[in-house]
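Novice: Can you keep this structure in mind? I'll have questions shortly.
The values are calculated or read from the model by the stated rules, or taken from the named source; none is laboratory data. These figures come from a predicted structure and were not determined experimentally. Backbone-built Cβ (ideal geometry, glycine too); neighbour counts: all protein chains shown. The area values use the complete protein model at the heavy-atom level, side chains included, leaving out ligands, DNA and RNA. Shrake-Rupley method; radii C 1.70, N 1.55, O 1.52, S 1.80 Å.
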Amino acid sequence: MEKYTGLTNLTTNDTMLYLQEYWWIIVAVLGGLFVLMTMVQGGQSLLHTASDDMEERAMINSLGRKWELTFTTLVMFGGALYAAFPLFYSVSFGGAYWVWMLILFGFVLQAVSYEYINNPDNLIGKGTYKAFLYFNGFITIILVGAAIGTFFTGSNFSFDSATRVLEWGTAENGMNLRGLEAALDFGHSAWFNIAFGVLLLAIARLLGALWLINDIDNNEFSGLIAKIRKTAKMCFVVFLVALVVVLGGLVTMDGYAYDIHTGLVSMEANKYLHNLLAGYGIQLIVFLVGAVLFLLGIFKSIFGTSTGGIKLSGLGAVLIGIIVFTLAGLNGTAFYPSYADLQSSLTIQNTSGSENTLWVMTGVSVAVPFVLGYIAYVWYQMKKDGPITKAELEDPESHAY
C-alpha cells in the first residue's frame, strides 16, 4: 500500500463525518435534479422532428421556458460542491479545465440561442442558433456524462497537499488533454466514460420527448407528437444498450476505497457493487424504484398514448441520479480518484471545508427547500394555462419565442 501523502482535513470526528456526508447527500440530490432538467437539452436534440416553422416554434417555446431552471439547478449543484468540497473544485477545474470550459461554453450558447433564435434582426441566421442548441443538446450532455464517469474511473492527476502542487497528465502512458482524456483515452477506461455520456444523453432525450408530449397540444400537433414518439422509441434502444454497459461496468470494476483513520486509498474489487448493497440495500432499493418509475413513464407516454409519463420518469430520473452520486462518494469511497497516484485521490473527507464552514453552510442549507419551492412555483405558473397551442404561438402578446 502506498504511503499517505497528507491530504488535508483527515478526521475521525463523528460530527465532522456526519457534516461531510450530509453535504455530499445534498450534492447528490442536486445532481439528481440536474439529471431531470437535462430534459431541456434532450428536447433540443429532437428539433429535427419538426416539419415546419410552427412545430419548431412549439418545441422551442416549450423548452425555452425551462432552460433557466436547468441552469439554476446546475449553479446550485456547482455552488454546493465549491462551498462544501473546495479542494475538489480547485483540482478538477485547475486541471481538467478544457472539459469544464466546453461544458460551460455549451450552456452559454444555449442562453444566447433562446434569446435570438427567432429575432428577425439577428446577424448569423436562425440555422446557426439551431446548431448551437444541437451542440448543447448533444456534445455538452455527453461531456457532462463523461465527466461524471471520472468519478468512478479516475482522472490523470497527482496532487501534493504539502506544496499545493497539482500536476495533470502524470500517469504512465496516459494522455494529457486537460480533462478531455476522459472521453478520448481508451487506455484508461474512456469506454466507460463515453458509455456514461451516451446513457445521460439517452435519458435526456427520453425526458425531453416526455416533456414535449406533455407540454404541446397533442391534437393540434398530432404529426409532431407522432414523430417525437417514433424518435424516442429508437432512443430507448440506445438507452438500454448504454445502461447495460454502464451497470455492467459499475458492478464489476474495482473501486477506490479509503480508510478514514489512516487516509490511505486502496483498490477494492467490486467496490461500487458493495456500495449499492450497503446499509441493508437501501441504495439498491431506491435505485430499483427509480428505474421502475422511469420505465413506467416511458411505456405510458412513448409506447402508449398518455401525456403524463414525464411525472413518473422525472421522479425516477431524480432517484437514479441521487444513487449514482451516493455510490461515488459515500461508504468510504474516493469520489474523484487518481489513476496516476492512488494517494492523490479525493474524498469527501480530504476535500471538505472546515467544521465551522460546514456548520455555517448547514444553517444556510435551510434555504434550499425555498429555492426548490420557487422552481416548483415558476413551473406551475408556466403550466397553468395548459399545453401549447397554435393560437398561443400566433398571439403577439404571448411569451412565445
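Novice: Could you sort the peptides 322-334, 373-385, 80-92, 33-45 by per-residue average Cβ neighbour count (10 Å cutoff), highest mean leading?
Specialist: Taking the mean over residues of other Cβ atoms within 10 Å, the ranking is 33-45, 322-334, 80-92, 373-385.
Novice: Just the accessible area for V238, please: 1.4 Å probe, Å², rounded to the nearest 10?
Specialist: Accessible surface of V238 is approximately 70 Å².
Novice: With no solvent and one equal point scatterer per Cα, compute the Debye intensity ratio I(q)/I(0) for the range 151-201 at 0.18, 0.19, 0.29, 0.31 Å⁻¹ and report its log10, rounded to two decimals.
Specialist: With one equal scatterer per Cα and no solvent, log10 I(q)/I(0) is -0.59, -0.64, -1.09, -1.18.
Novice: For the range 55-153, what is the relative contact order in percent, using Cα pairs closer than 8 Å and at least 6 residues apart in sequence?
Specialist: Reported as a whole number, the value is 25 percent.
Novice: Given 37 °C and 0.692 mPa s, compute D for the range 21-152 with the Stokes-Einstein relation, Rh being the Kirkwood radius over Cα pairs; round to the nearest whole µm²/s.
Specialist: Approximately 208 µm²/s, per Stokes-Einstein.
Novice: Excluding ligands, DNA and RNA, what is the solvent-accessible area per residue of the chain at a probe of 1.4 Å, expressed in Å²?
Specialist: 42
Novice: From the phi of every residue in the range 19-31, what ³J(HN,Hα) in whole Hz does the Karplus formula 6.51 cos²θ - 1.76 cosθ + 1.60 yield, where θ is phi - 60° and glycine or proline is x?
Specialist: 5, 5, 5, 4, 6, 5, 5, 4, 4, 5, 5, 5, x
Novice: Something else now. Amide H neighbours of S338 under 5 Å, at least 5 residues apart or on other chains, H built in the peptide plane: list them.
Specialist: Those lying under 5 Å, H to H, from S338 are S155, S345, L346.
Novice: From largest accessible area down, sort T140, T163; use a 1.4 Å probe on the protein chains.
Specialist: Correct descending sequence by accessible area is T163, T140.
Novice: Which distance in Å, rounded to a whole number, links the C-alpha centroids of the range 106-132 and the range 232-258?
Specialist: 34
Novice: Round to the nearest 10 and report in Å² the accessible area of S222, as given by a 1.4 Å probe over the protein chains' heavy atoms.
Specialist: 70
Novice: Which entries in K130/K390; K230/K390; K233/K384; K233/K271; K271/K300 show an alpha-carbon gap greater than 27 Å?
Specialist: Pairs exceeding the cut-off: K233/K384; K233/K271; K271/K300.
Novice: Cα centroids of the range 30-51 and the range 137-173: how far apart, whole angstrom?
Specialist: Going from one Cα centre to the other spans 26 Å.
Novice: Determine which aspartates and glutamates satisfy two conditions relative to K66: a Cα distance under 12 Å, and not lying fewer than 8 residues away in the same chain.
Specialist: Candidates past the 8-residue exclusion: D215.
Novice: Between M59, G78, N13, whose Cα lies farthest towards the positive end of the dipole of the range 1-128 when Lys and Arg beta carbons carry +1 and Asp and Glu beta carbons carry -1, centred on the Cα centre?
Specialist: Going by the charge dipole, the pick is N13.
Novice: Run the accessible area of the range 46-114 with a 1.4 Å probe and give the carbon-and-sulfur part as a rounded percent.
Specialist: Heavy-atom surface of the range 46-114 belonging to carbon and sulfur, 1.4 Å probe: 72 percent.
Novice: Can I get the semi-axes of the range 269-315's equivalent ellipsoid? Compute them from the C-alpha gyration tensor as square roots of 5 times the eigenvalues, in angstrom, largest first.
Specialist: Three semi-axes, in Å: 30, 9, 6.
Novice: Here's a follow-up. So, with +1 on the Cβ of K and R and -1 on the Cβ of D and E, and no other charges, what is the size of the charge dipole of the range 141-278 about its Cα centre, to the nearest 20 debye?
Specialist: Dipole magnitude for the range 141-278 comes out near 580 debye.
Novice: Okay, moving on. Using θ = phi - 60° and the Karplus curve 6.51 cos²θ - 1.76 cosθ + 1.60, what whole-Hz ³J(HN,Hα) does each residue of the range 379-385 get, with Gly and Pro shown as x?
Specialist: 4, 4, 4, 6, 9, 5, 8
Novice: What is the magnitude of the charge dipole of the range 113-193 about its Cα centre, with +1 placed on the Cβ of each Lys and Arg, -1 on the Cβ of each Asp and Glu, and no other charges, expressed in debye to the nearest 20?
Specialist: Here the range 113-193 has a charge dipole of around 260 debye.
Novice: Please give the helix 141-153 orientation as an angle from the longest Cα principal axis of the chain, in degrees from 0 to 90, rounded to the nearest 10.
Specialist: The answer is roughly 20 degrees.
Novice: Within the chain, which is the longest segment that contains none of the GluC sites (Glu not before Pro) sitting in a DSSP loop with at most 15 other Cβ atoms within 10 Å?
Specialist: Formally, the longest exposed-site-free interval is 173-396.
Novice: Below 8 Å, C-alpha to C-alpha, sequence gap of six or more: please give me the relative contact order for the chain in percent.
Specialist: That works out to 28 percent.
Novice: First obtain the Kirkwood hydrodynamic radius of the range 214-278 from its Cα pairs, then insert it into the Stokes-Einstein equation at 20 °C and 1.002 mPa s, and state the resulting D in µm² per second as a whole number.
Specialist: Diffusion coefficient, whole number: 139 µm²/s.
Novice: Over the range 295-369, what is the relative contact order in percent, taking alpha-carbon pairs closer than 8 angstrom and at least six residues apart?
Specialist: Answer for the range 295-369 is 15 percent.
Novice: Output the Cα-based Rg and Dmax of the range 146-253 in Å, rounding Rg to one decimal and Dmax to a whole number.
Specialist: Rg then Dmax for the range 146-253, in Å: 19.3, 65.
Novice: Right, another one. As I understand it, the dipole of the chain uses +1 on the Cβ of Lys and Arg and -1 on the Cβ of Asp and Glu, about the Cα centre. Which of N356, V99, L273 lies farthest toward its positive end?
Specialist: L273
Novice: Suppose we look only past 14 Å in the calculated P(r) of the range 243-323. What percent of the Cα-Cα pairs does that tail hold?
Specialist: When all Cα pairs of the range 243-323 are counted, 70 percent exceed 14 Å.
Novice: Rounding to the nearest 20 debye, state how big the charge dipole of the chain is about its Cα centre with +1 on each Lys and Arg Cβ and -1 on each Asp and Glu Cβ.
Specialist: 720
Novice: What list of ³J(HN,Hα) couplings, whole Hz, do you get for the range 264-277 from phi and the Karplus terms 6.51, -1.76, 1.60, once you set θ to phi - 60° and write x for glycine and proline?
Specialist: 7, 9, 9, 7, 10, 5, 6, 4, 6, 5, 4, 4, 5, 8
Novice: Can you tell me the equivalent ellipsoid semi-axes for the chain? Use √(5λ) from the Cα gyration tensor, largest first, whole Å.
Specialist: Taking √(5λ) for each Cα gyration eigenvalue gives 38, 21, 21 Å.
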